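Remarks on the structure that follows.
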Amino acid sequence: MKVLKKAKILKIILNAIPVAAMIALIPIVQNDMLLTAIDIGIIILMLFVKTEKRDYQFLFLGFIIMTFSEYFFIKTGVETFNRTSLMGIMPLWLPVLRAYAFMAIKRVVLIMNKR
């Protein structure tokens, strides 16, 4: 089993911090529009700090795929939300958060695959 080097671990943590921050803000910011705007701001900031190849495509695909996935999960009863500002079934900020997480996962996979 290959052990991850400290530099890789640090890069993985740095890619996870924005996702953790977005999640931590959920109980603090009760207004879904404001939370969505904050999440979009975090995403823009992180893309300004560093943009990798195909980040925008993964962000867009993550938004589309995760929105439909969440919709399916909610409609089948797998998930439920009290905050239903998007389509009357899920929070507006959820697909934005999931889209960034989708992109962050791509980045982590690339980090782990580098030699």
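Things to note:
- Computed lengthening from Ile105 to Leu14, 0.36 nm per intervening residue step minus Cα-Cα distance: 31.6 nm
- Of the residues Tyr56, Tyr71, the one with the fewest other Cβ atoms within 10 Å heads the list, and the complete ranking is Tyr56, Tyr71.
- Only lysine pairs 8 or more places apart or on separate chains count here, and in region 43-115 those with Cα atoms under 23 Å apart total 5.
- Exposure proxy ranking for Ile23, Ile40, based on other Cβ atoms within 10 angstrom of each Cβ and starting from the fewest, stands as Ile23, Ile40.
- Relative to the longest principal axis of the Cα atoms of the chain, helix 55-75 runs at roughly 40 degrees.
- For region 45-115 versus region 1-42, the gap between their alpha-carbon centres in whole angstrom: 12
- The chain: relative contact order in percent, alpha carbon pairs under 8 Å with at least 6 residues between: 36
- Spin-label pair Ala24/Glu52, simplified geometry with 7 Å Cα→Cβ offset, distance in nm: 2.2
Readers should treat all values here as calculations from the given coordinates under stated rules, not as data from a laboratory. In this text the structure is predicted, and so the values were computed from the model without any measurement. Methodologically, a virtual Cβ is constructed for each residue, glycine included, from the backbone with ideal geometry; neighbour enumeration extends over all protein chains shown.
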